[in-house]
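Following: one structure in structure tokens, then a few remarks.
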Amino acid sequence: GKDRVGVGAAQRVQEFPTENLQADNGKLVCIACNCEIGVKKSVIALHIVSGRHARGQERLEKEAKQQLLVRESFLEGNGEVCLDAYSHVQEIATTITLEDYQNARTAPDDLPNGDAARQEQLQERAKACVGPVVQYIRRRFHHVDSQLYKAVALFKSLRMFCPGKSDQLPATVASVNQLRQFGALDNDALIAGLIDELPAHLVAATDYNAVLSQLQWWKLQEHLPRWQAAVKIALAIVPSSAAAERVFSLLNSVASSLQKSMLEDCLEATMMLQYNRGRLLI
């Protein structure tokens, strides 16, 4: 269409929501190409059909998908997964709900053969198809009646056990009481102990050394026995069943048909050695 006089960068970003444009102090910046472009609609139209922009868009999509895979893999890991699970879940939700729905763009971009109007029509159709799925995911994670709502809320509350985030998410009496939503932590004596040690915990967390892992840091906090006890319980909470499934898979390889007569103690020791290979302190 014809360029309108007085249209700013912010308006152009809204007119081209799937092109990774950003308004920066009145200037229009293409994130995909890492460059500034003019705000005239004709200039933008030429830019978004350029090969440079297409390559930049493809790079951003690959990076977004890679981040999604990294975060999904993290949630299937071992160790202190529960302490950072909530932030990873939130990043996954953000990636899924991007305006252009990454997985819905490929076909609409390839099918029109340069027909911009047809491309936009197909993109809108693709987003309309994906939209209900995205809304379903949002409801599953954020609606109070959802089965996953309590789990998400629990992992959100467990962030207080992350010493490196104490400045952003300082523990409070209210947040400590929220731990009661998890049965194993719903203990009057434990909650009271956590509240008693809360001032000392906040002081200790301000001196967190990033060189140490969170687990290593907690092992050194012997002056916070209740918090150490609560962390041990929290670390037993896993966001997925992947770790348990890996144990069963390992069991199949360790206890083959040739080891049917293996004694229980021997099997247990063998499994522990195999599962913790590379992590044993000798």
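Conditions (1) among the small types (Gly, Ala, Ser); (2) surrounded by 10 or more Cβ atoms within 10 Å (Cβ to Cβ); (3) in contact (Cβ under 8 Å) with a residue 12 or more places away in the chain; (4) farther than 30 Å from Leu148 by Cα, marked per residue:
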site	(1), (2), (3), (4)
Gly183	yes, no, no, no
Asp188	no, no, no, no
Gln214	no, yes, yes, no
Val247	no, yes, yes, no
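So for the stretch 257-264 (the condition being open to solvent by 60 Å² or more (accessible area, probe 1.4 Å), without any contact (Cβ under 8 Å) to a residue 60 or more places away in the chain, over 20 Å from Ala151 (Cα atoms) and touching a Gly at 6+ places or on another chain (Cβ under 6 Å)), does at least one residue qualify?
No; the residues of the stretch 257-264 include none that is open to solvent by 60 Å² or more (accessible area, probe 1.4 Å), without any contact (Cβ under 8 Å) to a residue 60 or more places away in the chain, over 20 Å from Ala151 (Cα atoms) and touching a Gly at 6+ places or on another chain (Cβ under 6 Å).
For the stretch 147-175, give me each residue that is among the β-branched types (Val, Ile, Thr) and at pLDDT 80 or above.
Within the stretch 147-175, Thr172, Val173 meet the criteria.
Take the residues in the stretch 15-32 that are part of a strand (DSSP E or B), in contact with a Lys or Arg (Cβ under 8 Å, 6 or more places away or on another chain) and closer than 17 Å to Val49 by Cβ, then tell me which one is least open to solvent (accessible area, probe 1.4 Å).
Leu28
Mind checking whether some residue in the stretch 218-228 is surrounded by 17 or more Cβ atoms within 10 Å (Cβ to Cβ), without any contact (Cβ under 8 Å) to a residue 40 or more places away in the chain, in contact with a Pro (Cβ under 9 Å, 6 or more places away or on another chain) and assigned to a loop (DSSP other than H, G, I, E, B)?
yes
The values are calculated or read from the model by the stated rules, or taken from the named source; none is laboratory data. Note that this is a predicted model, so its numbers are computed, not measured. Here Cβ is always computed from backbone atoms with ideal geometry, including for glycine, and neighbour counts include all displayed protein chains. These area figures cover heavy atoms from the full protein model, side chains too; ligands, DNA and RNA do not enter into them. Shrake-Rupley method; radii C 1.70, N 1.55, O 1.52, S 1.80 Å.
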